[in-house]
Structures are given as structure tokens and as C-alpha cells.
1. Return the residues of segment 69-86 that are more than 19 Å from ASP102 (Cβ to Cβ) and either outside any strand (DSSP E or B) or in contact with a helix residue (DSSP H, G or I) (Cβ under 9 Å, 6 or more places away or on another chain) (or both); say none if nothing qualifies.
2. Which ones in segment 94-104 are hydrophobic (A, V, I, L, M, F, W, C) and out of contact with any helix residue (DSSP H, G or I) (no Cβ under 7 Å at 6 or more places or on another chain)?
3. For segment 53-71, which positions are touching an Asp or Glu at 6+ places or on another chain (Cβ under 8 Å) and at pLDDT below 85?
4. From the list GLU78, GLU96, GLU74, GLU104, which one is within 18 Å of GLY36 (Cα to Cα), exposed (fewer than 14 other Cβ atoms within 10 Å of the Cβ) and either at pLDDT 95 or above or not hydrophobic (A, V, I, L, M, F, W, C) (or both)?
Amino acid sequence: MKKTTASTFLLAAALIGAGSASADSFRCGTKLMTDGDSSDKVEALCGPPTSVQRREILRPVYWNRGVGVHTSYEVSIEYWTYNLGPSKLMVRLRFEDGLLVDVETLSHGYYSAGTG
């Protein structure tokens, strides 16, 4: 009985740890894009995205070395969508100031002129 309880506890701990250790990534053929990669690198290895959405946001700054500062700075945000065809899932990449920060898997792709 104790052996079953201990093994169940170890399995649960391993599953919890495995979920928090994952990082965002996106595979282009044999190349792996991960958080921190530049938009130039992604485009060079994956080709141009199907669509690009751009916007600017103001990110507030409240503290600087323990001193309250009420200011903000502008961050350039780009969302790139890759349509990989109807047999694969589409992927949306989020870049902040030119660096990959998030990879989101979307629904299945679709036929278009660029996806044989």
C-alpha cells in the first residue's frame, strides 16, 4: 500500500514539474524557433508569414530602484500568422520589439494560393 502511494505521489510531482518547464516553440521544417528569437531569424528560416498585424502599446513603469515613477514606454507588437495548409494547424507568433515572446496554436489551416 505504501509503495503505491509513494509512486502515485512521485508521478503527480513529475507531471506538475513537466507542465511548468515548457517553453513556447514553433518548428519550421527542421529548425526550431523559441522565445527570444528575432523576427529576422524567424523570417529567414520560416519564410514570410501569411499575415502580419502591427500595433503599438504603452507599457507603464511604476518603480525604478525603489522609487515610484509614473511614466510609460512604447512597445512595438507584431502578430505573425503562419497558414501551414489544411492538414496542419496554423500558428500565431507574437513579437515584442522584434523578439519572439509567445507562440499560439490555432485551428487547422486552409488552402490558399501559397499553400499547395
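The values are calculated or read from the model by the stated rules, or taken from the named source; none is laboratory data. These figures come from a predicted structure and were not determined experimentally. Positions of Cβ are backbone-derived with ideal geometry, glycine not excepted, and every protein chain shown enters the neighbour counts.
1. GLY85, PRO86
2. Step one: of segment 94-104, the residues hydrophobic (A, V, I, L, M, F, W, C) are 95, 99-101, 103.
The answer is LEU99, VAL101, VAL103.
3. Residues satisfying the conditions do not exist here.
4. Details: GLU78 fails: exposed (fewer than 14 other Cβ atoms within 10 Å of the Cβ); GLU96 fails: exposed (fewer than 14 other Cβ atoms within 10 Å of the Cβ); GLU74 fails: within 18 Å of GLY36 (Cα to Cα).
GLU104 is the lone residue from the list that is within 18 Å of GLY36 (Cα to Cα), exposed (fewer than 14 other Cβ atoms within 10 Å of the Cβ) and either at pLDDT 95 or above or not hydrophobic (A, V, I, L, M, F, W, C) (or both).
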